[in-house]
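The values are calculated or read from the model by the stated rules, or taken from the named source; none is laboratory data. Because the structure is a prediction, the values reported are computed rather than measured. When we count neighbours, we look across all protein chains shown, and the Cβ atoms used for this are built from the backbone with ideal geometry, even at glycine. Calculation scope for accessible area: heavy atoms of the full protein, side chains included, ligands and nucleic acids excluded. Shrake-Rupley method; radii C 1.70, N 1.55, O 1.52, S 1.80 Å.
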Amino acid sequence: MTNNLVILSTWLLITPLSIALAIFTIETLLGLSAPKPFPIAGNVEKTVILMPAHNEALTIGNALEKLKPILSKDIGLLVVADNCSDRTSEIVESFGFEVIDRTDPNCRGKGYALAFGRDKLKQNPPDCVIIIDADCITDEQSIRDLSRYCVKATRPVQARYTLNSSLYSSPMVQISNFAFWVKNVLRQRGSQRLGGAALLTGTGMAFPWQLFESLPLATSNIVEDLGLAVYLTGSGTAPVYLEQAFVTSLPASEAATLDQRTRWEHGFIATAREFGIDSLWKGASSLNWKHFLLGLHLMVPPVALLFGMTLLTLIYAALAAISTGELIPLTVLLFAFCLAVLAIILAWICGGHRWLEASTLLKLPVYLLWKLPIYLKLVRGITPGWNRTER
């Protein structure tokens, strides 16, 4: 291979990675500081919390106990017990809340449960629907802010969704929970400050009824929330992020965390393949900034995969530099990589230490190896189906 071909191949490898690293770095750095809470005036319109639940007998009682003081004549609750084989329905009924059972083993997934719940709500539609998972906790102010903001803006609204911080978890779970916080909070803030759309995270999502009643919900998509964000942004009703409203859930075990990340990352990559370039093109051609930024976001692989690919490409670029004497491609990628690492360090300093011990930061390379099975399954075409995450 001639020197020119080696240099060309190096540029072809480092250019998309450098762009992805730059997008990640900009979103993360812009998200380091939290926005100030603000009062949302007005009465709470008729709101229903829609809770899909699949075999949640061990956790749903705690969620319902926390929701009990939130419910009022303006805020109701509907639980969809979806393909349950445990006591989920009985527990909900024991609290005196409304529950409907859905049984269809051939159509499994959260999207089908939400569509089933929507059919029930059509009998007496609310003004706002807020989706809260059965293993999540929130508070009254968050529900009221989500409802008021959603109805006032007539747009979907995404609350801040994090996992409970636990420095007693295994190092791999700590790192995963830290990455979850970076994705769901820092990069959401950064995207919002750039003028972009919020990404829906599956829970803590509020929708005005006139929009919710027509959403394409009945799907087995394992990342139905990301699919909805793409659909809504493309249709001109991009979701917005509301930091002051929150939902939290318990972190999963190490094995369950790996399973959960496998589903999410495979689903994200599949969605990015289908809609990433399309969103960039449509956003650019229609001068739709939110749609264009969504396309850029979809161009950033999951962070562990991004960093793993970057390290391998750095090795190739270094060998190419030795062979050809051309240092610019190596320098560009190394600079982008160092900035991304700096962004992660600053993220840890600016709040990430609640999820990740300082000593565990040194195990980030081990984390890349720990997630290797996720990407091997992807290469082999093994796609995970939908199932419940054990917590």
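Tabulated data for the structure shown
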quantity: Filtered residues of the stretch 272-304 (kept if of a type in the set (A, V, I, L, M) and farther than 24 Å from residue 368 by Cα); calculated: 277, 280, 284, 287, 293, 294
quantity: Some residue of the stretch 2-15 being open to solvent by less than 40 Å² (accessible area, probe 1.4 Å) and within 24 Å of the chain's Cα centre (by Cα); calculated: no
quantity: Residues of the stretch 51-66 that turn out to be touching a residue at least 40 places away in the same chain (Cβ under 8 Å) and either among the hydrophobic types (A, V, I, L, M, F, W, C) or outside any loop (DSSP other than H, G, I, E, B) (or both), as a count; calculated: 7
quantity: Residue 255 farther than 22 Å from residue 195 by Cα and open to solvent by 20 Å² or more (accessible area, probe 1.4 Å); calculated: yes
quantity: Hey, residue 186 buried (at least 23 other Cβ atoms within 10 Å of the Cβ), at pLDDT 95 or above and in contact with a Gly (Cβ under 8 Å, 6 or more places away or on another chain) or not; calculated: yes
quantity: Residue within the stretch 135-142 that is under 24 Å from residue 214 (Cβ atoms) and of a type in the set (Asp, Glu) present; calculated: no
quantity: The stretch 79-116: number of residues that are part of a helix (DSSP H, G or I) and touching a Ser or Thr at 6+ places or on another chain (Cβ under 6 Å); calculated: 1
quantity: Residues of the stretch 319-345 satisfying the condition of being touching a helix residue (DSSP H, G or I) at 6+ places or on another chain (Cβ under 7 Å) and surrounded by fewer than 16 Cβ atoms within 10 Å (Cβ to Cβ); calculated: 323, 327
quantity: Residue that is in contact with a Cys (Cβ under 6 Å, 6 or more places away or on another chain), open to solvent by less than 50 Å² (accessible area, probe 1.4 Å), touching a residue at least 60 places away in the same chain (Cβ under 8 Å) and within 17 Å of residue 199 (Cβ to Cβ), where the choices are 300, 247; calculated: 247
quantity: Flag if residue 331 is of a type in the set (Ser, Thr, Tyr), modelled with pLDDT of 95 or more and part of a helix (DSSP H, G or I); calculated: yes
quantity: Top-ranked residue in the stretch 129-178 [being part of a helix (DSSP H, G or I) and in contact with a helix residue (DSSP H, G or I) (Cβ under 6 Å, 6 or more places away or on another chain); ranked as most open to solvent (accessible area, probe 1.4 Å)]; calculated: 171
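Yes/no matrix, rows are residues, columns are (1) of a type in the set (A, V, I, L, M, F, W, C); (2) in contact (Cβ under 8 Å) with a residue 24 or more places away in the chain; (3) touching a Phe, Trp or Tyr at 6+ places or on another chain (Cβ under 9 Å):
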residue: 212; (1), (2), (3): yes, yes, no
residue: 225; (1), (2), (3): no, yes, no
residue: 251; (1), (2), (3): no, yes, yes
residue: 260; (1), (2), (3): no, yes, no
residue: 263; (1), (2), (3): no, yes, yes
residue: 268; (1), (2), (3): yes, yes, no
residue: 287; (1), (2), (3): yes, no, no
